[in-house]
Protein chains: 2
Amino acid sequence: MPVATSIKPGPRPTMVDVARVAGVSVTTVSYVLGGRSGDPTASRISDGTRRRVLDAVEEIGYRVNEPARNLRRNRTDRVLLLMDRLSSPYEQHLATDIESRLIETGRSLSVMVCTTVERLDHCLGMVRTGLADGAVVQCRAVAGAQAVLDAYAREHIAMVAISNVLRPNGFDVISNDEAPAIEEAVDALVAAGHHRLGFLAHDAVTDLPDSRMEVVRRRLAVHGIDLPDAMVRSGARDRLAAFASTRELLGLPRPPTALFAASDTGAISAIWAALAAGRRVPEDLAVVGCGNIDECRVTVPQLSSAGPDRPDFSPIAAMLLDRLANPSFAESRHVHLPWTFFPRQSS
Amino acid sequence: MPVATSIKPGPRPTMVDVARVAGVSVTTVSYVLGGRSGDPTASRISDGTRRRVLDAVEEIGYRVNEPARNLRRNRTDRVLLLMDRLSSPYEQHLATDIESRLIETGRSLSVMVCTTVERLDHCLGMVRTGLADGAVVQCRAVAGAQAVLDAYAREHIAMVAISNVLRPNGFDVISNDEAPAIEEAVDALVAAGHHRLGFLAHDAVTDLPDSRMEVVRRRLAVHGIDLPDAMVRSGARDRLAAFASTRELLGLPRPPTALFAASDTGAISAIWAALAAGRRVPEDLAVVGCGNIDECRVTVPQLSSAGPDRPDFSPIAAMLLDRLANPSFAESRHVHLPWTFFPRQSS
DNA sequence: ATGAAAGCGCTAACAT
DNA sequence: ATGTTAGCGCTTTCAT
């Protein structure tokens, strides 16, 4: 393992120290360590000199001082990933995928959690402030994000947002084409004879309007079926809250015969709540989730879900890299990712 | 909302611009913005001047340049949280809790994912390199971490590790006192008449030795019961893998009558695998998990689990702050957090 | 193929 | 109460 071997205590050595030990100038050290590969200046250092410098670095345990380098270069080669939470499998995927693509281009990723607009503003301010060169924003739960992103885009901050509500405006947007899949799921439930549906939303109805709920409601209307607010509960984001909300719905005088959840994790809790209440799934309560996470295929019964076949995050890093390469990138792109309805045992 | 209002395009303004607009020196600007509250120098600025400076900042949309400030101050007021994955509820908790405590002291947190020693070394190198002032390390799946942390501790990098295997050595360690609770769970299973146990480990037996499995094995031995390798499967970390592993165990000629999983999420998948195979839980297969996550209380049947009553992360930030305040902090502390066995319906 | 030197934007000792 | 100034460690232009 090439791991932290030659670290010595004491004040951190600088390039001056390396230069002294190697018997060369700091310029030379900088050129050796700058790693501008493919650069014409790469060949200005002879192999012997390069070796001496690298040996000196090794000997005294030198590491470049990032703030100094960043100050001088006026960039950090770092990208921020702003998310409104960490805990879903989706976020895990997103982070590792983007990171691996950034690493290929010599960059790195750091993650910050933003649950409020103020915090989002603060974090984007940090990239403006030199903490990072750009940001990927995945904050569906944050209301008012459009204005913030608009403002930073005006400042030419490189940003890509993953959102179904944000409109590209100096930044790019990846959105999921959820509606067709959700409508298909609704149609399937109606075709199976359901006409009393419940909906498990992410947030309280009074908060952020739940776009998935709106799609469901509109589609039900097409079938002449109503989705009254009394049949809507919040908490899809939280496994415990989803359980409690479903129990509430099942306790209604005329409980729903089918439940549509804005998330798969919420739907799974709903299945448990139904089973715990002595109902059968799908016979007494059909359940459909959103997201099509892996877990859908191991639950009992397996969870029907509307979601991407397999999440594809590749456009995200690609678009951000475009913007990083060209800070005054003019075009604002909008990429739509397809969703599909995957009927399984729970509906 | 106090959000990104006065951002203007063009080259980012510096303190010199603020000073010019406000009609004061850069020193004054620095003192106004430095925010050394409680500092004797805080009172050197008159209220009128302070106002003029803040107005100028607002007017031209100035934001401090972090790399420059960090270079000069030789600190970043930033802490790194290194985790081997993001997706569990535990990680979500950890991150938000530590962050809120850091914010109270004017610091911020960024998260990086480290699944290998090399990456851990790289990320800790980044704090040495000036990306952050210290790190919290939560990488149970990373073998060889001890040597890396030892090395950086020698460099006086402020670190706190959450681990049951790392020994404090220039850094602090938080560990969970898992053994008593796990032993109690084993005793309960044995008392219930189980003598054929399966174990769902985090990793393959050939990889990292699973400390929880060792405890289980030793405790079973006390009861004169063997835990053969044939009854051990890996994949507790991954819901799909855990499902497949459990199915394998149940397919054995003499399947286990009880299953101990190294994680709650693994145990939940195991319950599903059992149900999917037509077994009843706990009658045909008793299941116990580790971690006592919230989800245990909503599964059907509710999951018995060994874990903390409620996770308490407060010592982590506290210890790190001590080290940040005093870089040559001598003591290496080891905090033990208690675990309890919570019997529920699944066993 | 290598070196000297001018800053990047900021902070803080040291004036006044 | 406010200003002058010398760097922090690095990159990069321009010489040689």
Under 7 Å between Cβ atoms, at least 6 apart or on separate chains: pull out the pairs that start in segment B:46-57 with a residue that is within 16 Å of DNA strand C (Cβ to nearest atom) and end on any residue that is small (Gly, Ala, Ser). B:53/B:22; B:56/B:22
Determine whether residue A:147 is of a type in the set (A, V, I, L, M), surrounded by fewer than 24 Cβ atoms within 10 Å (Cβ to Cβ) and within 19 Å of the chain's Cα centre (by Cα). no
Does residue A:281 satisfy the criteria of being part of a loop (DSSP other than H, G, I, E, B), touching a residue at least 60 places away in the same chain (Cβ under 8 Å) and aliphatic (A, V, I, L, M)? yes
Number of positions in segment A:26-56 that are among the hydroxyl-bearing types (Ser, Thr, Tyr), at pLDDT 60 or above, within 8 Å of DNA strand D (Cβ to nearest atom) and surrounded by fewer than 16 Cβ atoms within 10 Å (Cβ to Cβ): 1
When residue B:95 is evaluated against the numbered criteria (1) part of a helix (DSSP H, G or I); (2) closer than 17 Å to residue B:30 by Cβ; (3) at the interface with another protein chain (Cβ under 8 Å from one of its Cβ atoms), which criterion, by number, is the only one it fails? (2)
Test: residue B:103 is within 16 Å of DNA strand C (Cβ to nearest atom) and either under 23 Å from residue A:115 (Cα atoms) or not polar (S, T, N, Q) (or both): no
Candidates A:299, A:246, filtered to the one that is surrounded by 23 or more Cβ atoms within 10 Å (Cβ to Cβ) and in a loop (DSSP other than H, G, I, E, B): A:299
Scan (1) of a type in the set (A, V, I, L, M, F, W, C); (2) more than 7 Å from every other protein chain (Cβ to nearest Cβ); (3) crowded, with 23+ Cβ neighbours inside 10 Å for the single condition residue B:102 breaks and write down its number. (3)
Please pick out the residue among B:71, B:82, B:166 that is within 11 Å of another protein chain (Cβ to nearest Cβ) and either modelled with pLDDT of 95 or more or not in a helix (DSSP H, G or I) (or both). B:82
Check segment A:127-141 and report whether any residue there is of a type in the set (A, V, I, L, M, F, W, C), away from DNA strand D (no atom under 14 Å from the Cβ), assigned by TED's automatic domain parsing to the domain that holds residue A:319 and within 30 Å of residue A:17 (Cβ to Cβ). yes
Within segment B:113-130, which residues are outside any helix (DSSP H, G or I) and either more than 8 Å from chain A (Cβ to nearest Cβ) or crowded, with 23+ Cβ neighbours inside 10 Å (or both)? B:114, B:115, B:116, B:130
Tally, over segment A:154-189, of residues that are more than 21 Å from residue A:98 (Cα to Cα) and crowded, with 23+ Cβ neighbours inside 10 Å: 4
Consider residue A:140 carefully, then state whether it is more than 7 Å from every other protein chain (Cβ to nearest Cβ), of a type outside the set (Gly, Ala, Ser), in a loop (DSSP other than H, G, I, E, B) and more than 19 Å from residue A:15 (Cβ to Cβ). yes
For residue B:155: the one exception among (1) without any contact (Cβ under 8 Å) to a residue 24 or more places away in the chain; (2) farther than 28 Å from residue B:235 by Cα: (1)
Tell me whether segment B:68-83 contains one or more residues that are within 24 Å of residue A:113 (Cα to Cα), away from DNA strand D (no atom under 16 Å from the Cβ) and hydroxyl-bearing (Ser, Thr, Tyr). no
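The values are calculated or read from the model by the stated rules, or taken from the named source; none is laboratory data. Since the model is a prediction, treat every value here as computed from it, not as a measurement. Cβ coordinates were reconstructed from backbone atoms using ideal geometry, including for glycine residues, and neighbour counts include every protein chain displayed.
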